[in-house]
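What follows is one structure encoded as structure tokens, with my remarks underneath.
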Amino acid sequence: MCAAIAGANAGCPELAPSAHSDDPHLIERVSWLRAAVMGANDGIVSTASIIVGVAAADPSPRAVLIAGGAGLAAGAMSMAAGEYVSVSSQADLEGADIAREQQALQEDPEGEEAELGAIYEERGLSAETAALVARELTQHDALGAHVRDELGLSEGQAARPLLAAVTSAVTFSIFASIPLIAAVLAPQTSVISVVVLTTLFALAALGALGAQAGGAALLPATVRVVFWGGLAMAVTAAVGSLFGVAV
Ligand SMILES: [Zn+2]
């Protein structure tokens, strides 16, 4: 665990495989699912909004295609960069905390063991049992115990900047291509209505997919995604038509 978080050279011992390998918990999906849903949602909404906004001002296929394509490329890159930078700062923070723990364990092993015991006591163990558990876990893997039980970090939720960046860029691109393809295939006179309907349908599917993957209720998640996506498109279309009138 601490190797996954603090890096291979942090001198962490090997850990036993997860007790739930036959029944992995959904929480372990958090790092890539969050990036995937955010990438997908952003991809659909921002590209569809750009297309609807430009089509409101100038519905020519060339203008729509250039705007949609540029929006997809720019969005995917900025999403990846944003995810990489933000998740890297989370990884830095986690790594710094683990290094501080390692130092505290070297400087004051008794105090750290007592601190661990206090954590288990707070969780409901008797003072005697808590001290025994702290002693045995300290002997087995002191740093692992503190990382897990004091810092609350687990391998499944460790910050993985590259995974987050690639996941969000790929999902952004895949989902951004939905309104773009709809715009290309739509007759010039109904680009906006075709893109809006396709996008709302895709958002509903994404909301349901995200709820399914996250083990959440389908309807609230779907309504939430469709509402905010629809609102974003409406605002951009209004701005685009204002520009259309002005130009
Ligand atoms: Zn500690």
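Farthest toward the dipole's positive end in the chain, which of GLN106, GLY214, LEU125, given Cβ charges of +1 (Lys, Arg) and -1 (Asp, Glu) about the Cα centre?
It is GLY214.
Say we join alpha carbon atoms closer than 10 Å with springs in a Gaussian network model of the chain; which of THR129, THR199, THR167 then has the biggest fluctuation?
Between THR129, THR199, THR167, it is THR129 that shows the largest mean-square fluctuation.
Subtracting the Cα-Cα distance from 0.36 nm times the residue separation, let me have the gained length for VAL30 to ARG135 in nm, one decimal. All intermediate terms of the calculation are to be shown ahead of the outcome.
Working: separation 105, 0.36 × 105 = 37.80 nm, distance 3.17 nm.
Additional length available on full extension: 34.6 nm.
For the stretch 26-242, what % of the accessible area comes from carbon and sulfur atoms, probe 1.4 Å? Working shown, then result.
Details: 7570 of 11220 Å².
That fraction is 67 percent.
May I ask you to give the solvent-accessible area per residue for the stretch 26-242, in square angstrom, as obtained with a 1.4 angstrom probe? Mind dumping the intermediate values first?
Values: 11220 Å² over 217 residues.
Per-residue accessible area for the stretch 26-242 comes out at 52 Å².
Mean Kyte-Doolittle of at least 1.0 plus a Cα span of 24 Å or more along the axis: flag which DSSP H helices in the chain meet both, please. Please list the in-between numbers first.
Details: long enough: 30-57 (40 Å, 1.29); 61-107 (68 Å, 0.21); 161-185 (36 Å, 2.03); 191-214 (34 Å, 1.96); 218-246 (42 Å, 1.65).
Sorted by number, the helices that extend far enough and score high enough are 30-57, 161-185, 191-214, 218-246.
log10 I(q)/I(0), Debye, Cα-only the chain, no solvent, q = 0.08, 0.11 Å⁻¹?
Summing over Cα pairs of the chain leads to -0.47, -0.71.
Below 8 Å between Cα atoms, with a sequence gap of 6+, how large is the relative contact order for the chain in percent? Write out the running numbers ahead of the final one.
Details: 343 pairs, mean separation 92.2, N = 247.
Once divided by the residue count of the chain, the mean separation gives 37 percent.
Please give me, ordered by residue number, the trypsin sites (Lys or Arg not before Pro) of the stretch 42-138 that lie in loop per DSSP and have at most 10 other Cβ atoms within 10 Å. Mind dumping the intermediate values first?
Numbers: sites: ARG62, ARG100, ARG123, ARG135; in loops: ARG123.
Passing sites in the stretch 42-138 are ARG123.
The values are calculated or read from the model by the stated rules, or taken from the named source; none is laboratory data. Everything numeric here is computed off the predicted structure, so don't read it as measured data. All Cβ positions, even for glycine, are placed from backbone atoms using ideal geometry, and neighbour counts span all protein chains on display. The accessibility values were calculated without ligands, DNA or RNA, using every heavy atom of the protein model including side chains. Shrake-Rupley method; radii C 1.70, N 1.55, O 1.52, S 1.80 Å.
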